[in-house]
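Participant: Below is a structure I'd like to ask you about.
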Amino acid sequence: MAVAQSEIVAASLIEHFPDYECEIVTKTSLADNFQDKPLYAFGGKPVWTSELEELLGSTGAESVDMIVHSLKDVPTNLPIEFKIGAVLGKSDRRDALVVRSGLPYKSLSELPPDSVIGTSSVRRTAQLRRRFPHLQIKVIRGNDNTRLAKLDDPEQGYTCLILAAAGLLRLDLGDRITEYLSFPHFLYAVGQGALGVEIRKNDEFAQSLLDKIKDVPTTLVCTAERSLMRKLEGGCSIPLGVESIISRDGVVTIEACVTSIDGKEAATGRLTRTVKTEEEAETFGEDLAQSLMSHGAGTILEKINEFKLGQP
């Protein structure tokens, strides 16, 4: 997946700058060695990015000039020397249900009691427990191909998975999607479906290249979403779901919901406003966060933080 996403960015850069060459460098993250635990149980998703940032900040032979991320996996507070230089969009932002091959079920609502759903996402877990408390959740980790192999092995015990639709589509695995999960019953992650390109904050040359390929509407929407999450002080591992729309004239609407891990509590909010700049998007997200806090999100997040502190 990481390579496929990097190739998307490289192709966009070469299209605009045909005289340049792009070399893709890969690295296995420490998080790949903890595939039996959900990410929120050992600190959240910064584990995906910190080792890559070492290469970005290095001047050695292994140094890189850009890191391509699934934006949903990028912490909202980056190290001071780095920034998101561009956001690329135009991908399906929804979650997708993938049922094990050979099973007849076509939707979450058709699954019988005690069906086992594979996910490592606290957001998905919380939303599933809220709407489908009769289903079982089992942690699953690895890239999409690894997860699909586990799903299709009956001995693993999974009935289905929930994955990001964008990832499956980028890997030409759209035929595995059984059902798209969408608002109002299922809200996606902040930044989901978008690619974020991280660069050194003082790298004006890299920024000049990325300015040619960034998707402005997606940047504004994702900036608002990430500002919302940052204000809630939850990093990337809180059960915050969003549904975001931006019109051609820059009117942004975001529906947001923070759900308790057991699914029994939820705080919701909605905001619509014209947004033309990233600064306005930042303010938009902060205002929506304040609305969520006033509707009970703070209490839910306090309980989640207590849960994290109690993990081994």
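Participant: Go through 242, 251, 197 for me and flag whichever is out of contact with any Pro (no Cβ under 9 Å at 6 or more places or on another chain), over 21 Å from residue 91 (Cβ atoms) and of a type in the set (Val, Ile, Thr).
Facilitator: When all the criteria are applied, what remains is 251.
Participant: Next question. Has the range 153-163 got any residue that is within 14 Å of the chain's Cα centre (by Cα) and closer than 17 Å to residue 70 by Cβ?
Facilitator: Looking through the range 153-163, at least one residue is within 14 Å of the chain's Cα centre (by Cα) and closer than 17 Å to residue 70 by Cβ.
Participant: In the range 181-214, which residues are hydroxyl-bearing (Ser, Thr, Tyr) and either over 27 Å from residue 243 (Cβ atoms) or touching a Gly at 6+ places or on another chain (Cβ under 7 Å) (or both)?
Facilitator: Answer for the range 181-214, where residues must be hydroxyl-bearing (Ser, Thr, Tyr) and either over 27 Å from residue 243 (Cβ atoms) or touching a Gly at 6+ places or on another chain (Cβ under 7 Å) (or both): 188, 208.
Participant: Now a separate question. Do you know which of the residues in the range 107-126 that are assigned to a helix (DSSP H, G or I) and of a type in the set (A, V, I, L, M, F, W, C) is surrounded by the most Cβ atoms within 10 Å (Cβ to Cβ)?
Facilitator: Per the stated criteria, the residue is 126.
Participant: A follow-up question, please. Could you check the range 224-280 and list, in sequence order, the residues that are of a type outside the set (Ser, Thr, Tyr), closer than 22 Å to residue 83 by Cβ and surrounded by fewer than 18 Cβ atoms within 10 Å (Cβ to Cβ)?
Facilitator: 233, 235, 276, 278, 279, 280
Participant: Which one of these is within 22 Å of residue 184 (Cβ to Cβ), basic (Lys, Arg) and assigned to a loop (DSSP other than H, G, I, E, B): 264, 276?
Facilitator: When all the criteria are applied, what remains is 264.
Participant: Another question about this same structure. Under the condition of being assigned to a loop (DSSP other than H, G, I, E, B) and among the basic types (Lys, Arg), which residue from the range 169-212 is surrounded by the fewest Cβ atoms within 10 Å (Cβ to Cβ)?
Facilitator: Going through the qualifying residues, I end up with 212.
Participant: Within the range 241-261, which residues are under 16 Å from residue 185 (Cα atoms), at pLDDT 95 or above and not β-branched (Val, Ile, Thr)?
Facilitator: Matches in the range 241-261: 241, 243, 244, 255, 256, 257.
Participant: Could I ask something else about it? Taking only pairs six or more apart or across chains, which ones have beta-carbon atoms under 7 Å, a first residue in the range 143-161 that is more than 18 Å from residue 174 (Cβ to Cβ), and a second residue that is surrounded by 15 or more Cβ atoms within 10 Å (Cβ to Cβ) and among the aromatic types (Phe, Trp, Tyr)?
Facilitator: Once the first residue is more than 18 Å from residue 174 (Cβ to Cβ) and sits in the range 143-161, its partners that are surrounded by 15 or more Cβ atoms within 10 Å (Cβ to Cβ) and among the aromatic types (Phe, Trp, Tyr) give 150/158.
Participant: State whether the residues of the range 95-106 include one that is of a type in the set (Ser, Thr, Tyr), touching a Leu at 6+ places or on another chain (Cβ under 7 Å) and either at pLDDT 90 or above or in a strand (DSSP E or B) (or both).
Facilitator: yes
Participant: Residues of the range 127-168 being over 16 Å from residue 111 (Cβ atoms), part of a loop (DSSP other than H, G, I, E, B) and of a type outside the set (A, V, I, L, M), which ones?
Facilitator: 141, 142, 143, 153
Participant: Taking the condition touching a Ser or Thr at 6+ places or on another chain (Cβ under 8 Å) and in a loop (DSSP other than H, G, I, E, B), does residue 245 pass?
Facilitator: no
Participant: Output the residues belonging to the range 192-243 that are more than 21 Å from residue 79 (Cα to Cα) and among the charged types (D, E, K, R).
Facilitator: Residues satisfying the conditions are 211, 212, 214, 215, 243.
The values are calculated or read from the model by the stated rules, or taken from the named source; none is laboratory data. All values reported here derive from a predicted model rather than from experimental measurement. Don't worry about glycine lacking a Cβ; one is built from the backbone with ideal geometry, like all the others, and counts go over all protein chains shown.
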